[in-house]
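Worksheet: one structure, shown below.
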Amino acid sequence: MKVLLVGSGGREYSIGLALKKDPKVDEIYFAPGNGATDELGENILISDYKELANFAKDNGVELTIVGPEAPLVDGIVDIFQEQGLTIFGPSAKASQLEGSKIFMKNFLARHNIPTARYIETDSFEKASEFIDTLKAPIVVKADGLCGGKGVIIALSSDEAKEAVKGMLSGEAFGEAGNRVVVEEFLDGYELSVFAICDGKDYVVLPAAQDHKRLLNEDKGPNTGGMGAYAPTPLVDESIYKKLDERVIRPTLKGMQDEGMPFTGVLFMGVMVVDGEPYILEYNVRFGDPECEELMPLLKSSPSELFYKASTSRLSEVKIEFYDRYAVGVVMASKNYPYSSSEPAEIIIDEIYHEDLAQNSHISFAGVSKDEDGKLYATGGRVLVCVGVGDSIKEARDRAYMLVGQVHFAGKQCRTDIAYQALKV
Ligand code: AMP
Ligand code: GLY
């Protein structure tokens, strides 16, 4: 099978790496890919979705998998399907679950899915009134996509009102902030839970935990994610059951009933408060860096999983995971997440340790290659060192041993990934 992967990050690299090991796959294309994905397949520099669909048709691509949210919200799935192509991801309509926080919150409310108490509005007065009924901290969210930056946790009512003002005026996030969600702060621990969905059936993947802050002990600014691990011991059968009954089933049924069946990855950002799961947000794609840890745990054929999910036949496959753990540590460039950094050459030491070589790998993200084949750190999140093991500690030790083998000027990473699990 020929597979096309849309995206350029570590997430798409990790899916590519899993597909590379899949005997059913004989060719992989990345659009656009990065400076390392050309070692797994061929990078295709076509950004127009219609042209990309033509490329898929002309080259006999049987399955397209979309990594990031932007093409999904822009309707890439609809364009490919109009051409009769098989593509894994939700339609533009279904992608509103991520593309509009207001759509998502109103959907949750319509279907009685547990979430933080909220108001959505374009009126400063209405927002202020609601803010006055809440205790700080108070959460203010821009409606549209803001590259993961549209959420402000305000420490006082005044700060929350300022945040609303900044968003509604268009100053903070442009059009994405024309409407806002104001909601109560939920105090608990966060999980990333993923379900692969085919419109009606679904498979839940082992729950992961991301580390969004730049620095150890969850300090510093929010980032796209500095590391993750799976499965997390912070989830037990009772939480899976509650998620299944109160969240996943009503969501898939609701999307079906409302005429936009959900196919693709339903990414549930969950806050567990006193043993009860609440939905913070939905995304309509894999998390990055969570995907980098989930892919190596997948025992079943990834091409079959994504193909069957795209063709409403998920019930025909039995999905299995290795009974192991994976920990991923993001190595970021010097000025991340504030600004871009000078390109820095990446040197990776040869790994002689057999055990490490077999149980760890790198998923490359913000990297470019020069004419001589030298690799440079050119993006914010440069790469993810992933360790796999029979315990979280073993997986984490391997991930950090690999980190020690990777060098580039200005590199930064957290040294405490998976700390919540190791405390348990
Ligand atoms: P979101 O993009 O909605 O996931 O928000 C980004 C981050 O803000 C989440 O991962 C949480 O850490 C935090 N957050 C969002 N909403 C809330 C809330 N209601 N209570 C507490 N933290 C929140
Ligand atoms: N790691 C969180 C995200 O991909 O949004």
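The values are calculated or read from the model by the stated rules, or taken from the named source; none is laboratory data. Please read these numbers as outputs of a predicted model, since none were measured by experiment. When we count neighbours, we look across all protein chains shown, and the Cβ atoms used for this are built from the backbone with ideal geometry, even at glycine. We work out accessible area using only protein heavy atoms, side chains counted, and drop any ligands, DNA or RNA first. Shrake-Rupley method; radii C 1.70, N 1.55, O 1.52, S 1.80 Å.
Report the label-to-label distance for Ser368 and His407 in nanometres (one decimal), using points 7 Å from each Cα along the Cα→Cβ vector.
Distance between label points: 2.4 nm.
Tell me which residues come under 5 Å, amide H to amide H, from Leu4 once H is placed; ignore anything under 5 positions away on its chain.
Amide H neighbours of Leu4, under 5 Å, 5+ apart: Tyr29, Leu63, Thr64, Ile65.
Given the whole protein assembly as supplied and a 1.4 Å probe, what does the accessible area of Arg324 come to in Å², nearest 10?
70
Which of the GluC sites (Glu not before Pro) found in the stretch 202-310 are loop residues per DSSP with 16 or fewer other Cβ atoms within 10 Å of their Cβ?
Answer in residue order: Glu258.
Among Ser95, Leu108, Gly84, which residue has its Cα positioned farthest towards the positive end of the charge dipole of the stretch 48-138, with +1 placed on the Cβ of Lys and Arg, -1 on the Cβ of Asp and Glu, and the dipole taken about the Cα centre?
It is Leu108, whose Cα lies furthest towards the positive end.
For the residue pair Asp274 and Gln83, what label-to-label distance in nm results when each label sits 7 Å from Cα along the Cα-to-beta-carbon direction?
Modelled inter-label distance: 5.3 nm.
For Cα pairs less than 8 Å apart in space and 6+ apart in sequence, what is the mean separation divided by the residue count of the stretch 202-243, i.e. the relative contact order in percent?
Value for the stretch 202-243: 37 percent.
Report the relative contact order of the stretch 1-135, percent, no decimals, based on alpha-carbon pairs under 8 angstrom and at least 6 residues apart.
Relative contact order comes out at 19 percent.
From the backbone phi of the stretch 275-289, what are the Karplus-calculated ³J(HN,Hα) couplings (6.51 cos²θ - 1.76 cosθ + 1.60, θ = phi - 60°) in whole Hz, Gly and Pro given as x?
x, 10, x, 10, 7, 7, 6, 10, 10, 10, 7, 5, x, 10, x
Solvent-accessible area per residue for the stretch 1-128 at a 1.4 Å probe radius, Å²?
Ligands and nucleic acids excluded, the figure is 40 Å² per residue.
Of all trypsin sites (Lys or Arg not before Pro) in the stretch 348-424, which ones are in loop regions per DSSP and have a Cβ with at most 14 other Cβ atoms within 10 Å?
Passing sites in the stretch 348-424 are Lys374.
On average, how much accessible surface per residue is there in the stretch 130-178, in Å², for a 1.4 Å probe, leaving out ligands, DNA and RNA?
Accessible area per residue, the stretch 130-178: 52 Å².
Anyone know which of Gly373, Gly67, Gly75 comes out most mobile in the 10 Å Cα GNM of the chain?
Gly373
Looking only at the chain, where both bridge partners belong to it, what percent of the DSSP beta bridges are antiparallel (to the nearest 5)?
Antiparallel: roughly 80 percent of the beta bridges in the chain.
What's the lysine pair count for the stretch 233-351 at a Cα cut-off below 18 Å, pairs eight or more apart or interchain?
Here the count comes out as 5.
222 nm [θ] for the chain, helices only, -39500 (n - 2.57) per DSSP H run of 4+, per residue, to 500?
Calculated at 222 nm, the ellipticity per residue is -7500 deg cm²/dmol.
In the full protein assembly as shown, how much of His211 is accessible to a 1.4 Å probe, in Å² to the nearest 10?
Near enough 10 Å² of accessible area.
Round to a whole number: what % of the accessible area of the chain belongs to carbon and sulfur, probe 1.4 Å?
Of the solvent-accessible surface of the chain, carbon and sulfur hold 47 percent.
Using the heavy atoms of the protein chains and a 1.4 angstrom probe, tell me the accessible area per residue for the stretch 183-258 in square angstrom.
Heavy-atom SASA per residue in the stretch 183-258 reads 41 Å².
Need the full-extension length gain, Ile347 to Glu245, defined as separation in residues times 0.36 nm minus the C-alpha distance. One decimal, nm.
Extra length available between Ile347 and Glu245 comes to 31.9 nm.
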